[in-house]
Amino acid sequence: MARTRVLIDTDPGVDDAVAILLALVSPEIDVVGVVTVNGNVPLEKTALNARRIVALAGRYDVPVAAGCAQPLSEPLGEDSVVHGHDGLGDLQWDEPAVALDPRDGVELMAELIEEGPLSIVAIGPLTNLAVLLQRHPGIDKRVEHLVIMGGASFQGNVTPAAEFNIWADPEAARVVFDAAWRITLMPLDLTHQAFLNDDDLAYFNGLGTEVGRRTAAMLEPYAQFHDRWYGNRDVIMHDAMAVYELLDPRAIEKQGVRLAVEVEGVHSRGATFIDRRREHARNHVRVGVSVDNDRFRSLLRERLAAYRD
Ligand code: BDR
Ligand code: CA
């Protein structure tokens with residue numbers, strides 16, 4: 001079977017890092033580019049982190065380019081420390097042996113779309129995709145599949161109403177959801193079903209490889225954050241769900257919906273309103289509803305174990 005060509009649009013981010021490592025080693029997909037965006041940490045750091053992860057995977061053939069440094073309208077405030085000050089749990093890294101591609105990230109996306117069928121995994125704020133649509137009207141129709149991690153049906157994680165990736169740039173999210181591409185969305189109510197525990201961290205560390213050790217080390221402070229925030233150390237694998245959808249499309253149950261993004265609102269800026277009524281069952285936007293965490297964890301363990309030093 002032909003491998004799906006994939007571009008990853010990301011703001012690493014510890015869970016982004018796990019998602020990228022999973023994607024880069026998986027035979028079902030062919031990652032042809034990584035583009036970064038301002039999000040968990042500023043653009044300069046997300047670009048450096050993406051280079052670190054691609055180098056860790058030994059995938060020197062995959063271009064890493066920087067996209068948008070600011071959201072479409074309101075700049076993000078203070079750096080988030082959910083993922084550490086550097087965005088990857090504040091470990092020590094050598095200068096990565098993957099250079100930053102000099103192309104503008106949004107233009108790299110456009111080039112890769114023109115070159116052939118492409119799926120996009122978007123696991124950060126949606127600024128790059130909105131700018132892509134603005135600069136290249138109609139390009140949405142040329143993308144095979146857009147899988148997004150973002151949004152929430154019932155409870156946000158930055159505010160009670162909003163999930164981080166949508167909240168960070170709601171105007172961009174609105175542009176993206178109003179376009180015509182085939183979208184599959186992994187909202188918080190799905191991603192909270194997918195998590196790793198201390199056994200998984202010990203398993204990765206015990207692999208005895210650089211990927212295994214670093215994955216466990218990046219996940220440790222993220223587990224501590226979850227403990228402080230939610231009261232237990234289960235680490236939620238938000239972004240890996242968007243990659244998982246392309247590896248095993250039957251693993252995640254989905255339903256067609258209509259989706260609207262709140263760009264105003266006193267308490268609700270960045271909220272997603274997901275209309276699940278049956279009249280939208282065949283819509284071009286679908287959301288993930290349920291996932292089997294044990295099946296996901298065992299796939300992730302198997303795939304990360306395939307990395308060799
Ligand atoms: C999303 O926000 C980021 O902190 C994570 O990397 C993920 O993409 C979850 O709300
Ligand atoms: Ca992310």
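Does P221 fit the bill of being of a type outside the set (A, V, I, L, M) and under 26 Å from Q92 (Cβ atoms)?
Working: of a type outside the set (A, V, I, L, M): yes; under 26 Å from Q92 (Cβ atoms): yes.
Criteria met by P221.
Taking into account only those residues within the stretch 191-235 that are in contact with a helix residue (DSSP H, G or I) (Cβ under 6 Å, 6 or more places away or on another chain) and within 15 Å of ligand 2 (Cβ to nearest atom), which is farthest from L259 (Cα to Cα)?
Of everything passing the filter in the stretch 191-235, M218 is farthest from L259 (Cα to Cα).
Sort out which residues of the stretch 10-34 are within 13 Å of ligand 2 (Cβ to nearest atom), in contact with a Ser or Thr (Cβ under 8 Å, 6 or more places away or on another chain) and at negative phi, and write them in order of number.
Once the filter is applied, which keeps residues that are within 13 Å of ligand 2 (Cβ to nearest atom), in contact with a Ser or Thr (Cβ under 8 Å, 6 or more places away or on another chain) and at negative phi, the stretch 10-34 yields T10, D11, P12, D16, A17, V18, A19, I20, V34.
Condition check ((1) under 22 Å from I8 (Cβ atoms); (2) touching a strand residue (DSSP E or B) at 6+ places or on another chain (Cβ under 6 Å)) across all residues:
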site	(1), (2)
G212	yes, no
T215	yes, no
G231	no, no
I236	yes, yes
D239	yes, yes
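Among the residues in the stretch 66-79, are any away from ligand 2 (no atom under 13 Å from the Cβ), within 27 Å of D309 (Cβ to Cβ) and touching a helix residue (DSSP H, G or I) at 6+ places or on another chain (Cβ under 9 Å)?
no
Checking T36 against (1) buried (at least 24 other Cβ atoms within 10 Å of the Cβ); (2) over 18 Å from I148 (Cα atoms); (3) not small (G, A, S), which test does it fail?
Checking T36 against (1) buried (at least 24 other Cβ atoms within 10 Å of the Cβ); (2) over 18 Å from I148 (Cα atoms); (3) not small (G, A, S), the one that fails is (2).
So if I check each of V54, V81, which one is away from ligand 1 (no atom under 16 Å from the Cβ), not in a strand (DSSP E or B) and not aromatic (F, W, Y)?
Sole residue among the options that is away from ligand 1 (no atom under 16 Å from the Cβ), not in a strand (DSSP E or B) and not aromatic (F, W, Y): V54.
Checking L43 against (1) free of Cβ contacts under 8 Å to residues at least 40 places away in the same chain; (2) in contact with a Leu (Cβ under 9 Å, 6 or more places away or on another chain); (3) closer than 19 Å to L108 by Cα, which test does it fail?
Unmet condition: (2).
Determine which single condition F177 fails, assuming it passes every other condition in (1) farther than 24 Å from R5 by Cβ; (2) touching a residue at least 40 places away in the same chain (Cβ under 8 Å); (3) away from ligand 2 (no atom under 14 Å from the Cβ); (4) crowded, with 19+ Cβ neighbours inside 10 Å.
Every listed condition holds for F177 apart from (1).
Only residues that are closer than 18 Å to G105 by Cβ and not in a helix (DSSP H, G or I): list them for the stretch 17-37, please.
V31, V32, G33, V34, V35, T36, V37
Select, from A122, A161, the only residue that is over 19 Å from V37 (Cβ atoms) and at pLDDT 95 or above.
On inspection, the qualifying residue turns out to be A161.
The values are calculated or read from the model by the stated rules, or taken from the named source; none is laboratory data. Worth saying up front: this structure is predicted, and the values here are computed from it rather than measured. Quick reminder, even Gly has a Cβ in these numbers, built from the backbone with ideal geometry, and neighbours come from all protein chains shown.
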